[in-house]
Amino acid sequence: MDKLICHRGIHNEIIKENTYDSIYLALNSDKYIGVEFDIRITKDKKFILWHNPTYKGKLISNLKLKELPKYVTRLEKVLKIPTNKIFLIEIKNIGNEYNEFIKILEKSKDKNIYVMSFSVSKIKNIDIDSRTYKIGVLNYILNTTEYFKKLDFICILNSFINSSLLEKLKNYEIISYGLVNERKFPNISYIIDD
């Protein structure tokens, strides 16, 4: 399958998801054309790869980077991995630090970066005229707005994908969150595996 994007990197009992090692392994695997990972911001304004809103019962946004495990990876470090493959970044929480986030993305303008969120407002905040990255929204069904005309791609949970929806969205790159039948839906651009 030449459309697969690795969900949170290649991880196991030893290598944690959303870490430098898991992302590096995914980007160097012949199985994948890219990797998806989640980002959050810490109290000291560091963009990190982290899925859950908390660590040991405390909000990530209330913790400094040094209070988190050593394996926690900063966004800047991951974006330095040499590759032409896709970096699919899901914004979980970056506070109001949109300008700092954009600066990091712009420093990596040679990379193939896609940025998405469940929140349309978060995507609006990073939509600048000179952007070198693609923007999209996750879960079209719950996020339908007029703003969609400005998006480059839409990520849809696989259970919601059907032919009539894909026809309606034919002007967008479509990313399936979860495996789908490629023969039945050939116009799916990418598939995030689980």
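The values are calculated or read from the model by the stated rules, or taken from the named source; none is laboratory data. All figures in this text were calculated on a predicted structure; none of them were measured in a lab. Every residue, glycine as well, gets a Cβ built from its backbone with ideal geometry; the counts of neighbours run over all protein chains shown. Heavy atoms of the whole protein, side chains included, go into the accessibility calculation; ligands, DNA and RNA do not. Shrake-Rupley method; radii C 1.70, N 1.55, O 1.52, S 1.80 Å.
Apart from one condition, T73 fits all of (1) modelled with pLDDT under 95; (2) surrounded by 20 or more Cβ atoms within 10 Å (Cβ to Cβ); (3) more than 17 Å from Y190 (Cβ to Cβ); (4) not hydrophobic (A, V, I, L, M, F, W, C); the exception is (1). Given the condition free of Cβ contacts under 8 Å to residues at least 40 places away in the same chain, crowded, with 17+ Cβ neighbours inside 10 Å, part of a loop (DSSP other than H, G, I, E, B) and under 18 Å from the mean Cα position of the chain (by Cα), answer yes or no: does some residue in segment 102-117 qualify? Yes, because at least one residue in segment 102-117 is free of Cβ contacts under 8 Å to residues at least 40 places away in the same chain, crowded, with 17+ Cβ neighbours inside 10 Å, part of a loop (DSSP other than H, G, I, E, B) and under 18 Å from the mean Cα position of the chain (by Cα). Pairs linking a residue in segment 181-194 that is among the small types (G, A, S) to a residue that is modelled with pLDDT of 85 or more, with Cβ atoms under 9 Å and 6 or more positions apart or on different chains, are S189/K3; S189/F153; S189/Y172; S189/E173; S189/I174; S189/I175; S189/S176. Considering T54, T83, the condition of being exposed (fewer than 14 other Cβ atoms within 10 Å of the Cβ) and of a type in the set (V, I, T) is satisfied by T54 alone. Of the residues N28, N12, the single one that is polar (S, T, N, Q), more than 17 Å from the chain's Cα centre (by Cα), over 19 Å from K111 (Cα atoms) and open to solvent by 10 Å² or more (accessible area, probe 1.4 Å) is N12. Taking the conditions exactly as written (within 19 Å of M116 (Cα to Cα), open to solvent by 30 Å² or more (accessible area, probe 1.4 Å), touching a residue at least 12 places away in the same chain (Cβ under 8 Å) and among the basic types (K, R)), does K3 satisfy them or not? Criteria met by K3. Cβ-Cβ contacts under 7 Å between residues 6 or more apart (or on different chains), taken from a first residue in segment 64-83 that is aromatic (F, W, Y) to a second residue that is not in a helix (DSSP H, G or I), are listed as Y71/K16; Y71/T19. For first residues located in segment 20-42 and without any contact (Cβ under 8 Å) to a residue 24 or more places away in the chain, partners that are assigned to a strand (DSSP E or B) and lie 6+ apart or on another chain with Cβ distances below 8 Å form the pairs A26/C6; A26/G34; A26/V35; S29/C6. For L157, the requirement of being in contact with a Phe, Trp or Tyr (Cβ under 9 Å, 6 or more places away or on another chain), open to solvent by 40 Å² or more (accessible area, probe 1.4 Å), hydrophobic (A, V, I, L, M, F, W, C) and under 23 Å from P53 (Cβ atoms) is met. Of all residues in segment 1-59, those satisfying the criterion of being among the hydrophobic types (A, V, I, L, M, F, W, C), within 16 Å of Y177 (Cβ to Cβ) and assigned to a strand (DSSP E or B) are L4, I5, C6, V35, F37.
Within segment 85-98, is even one residue within 27 Å of E182 (Cβ to Cβ), in contact with a helix residue (DSSP H, G or I) (Cβ under 7 Å, 6 or more places away or on another chain) and at pLDDT 95 or above? Checked segment 85-98: at least one residue is within 27 Å of E182 (Cβ to Cβ), in contact with a helix residue (DSSP H, G or I) (Cβ under 7 Å, 6 or more places away or on another chain) and at pLDDT 95 or above.
I91 satisfies every condition listed in (1) open to solvent by less than 60 Å² (accessible area, probe 1.4 Å); (2) assigned to a loop (DSSP other than H, G, I, E, B) except (2).
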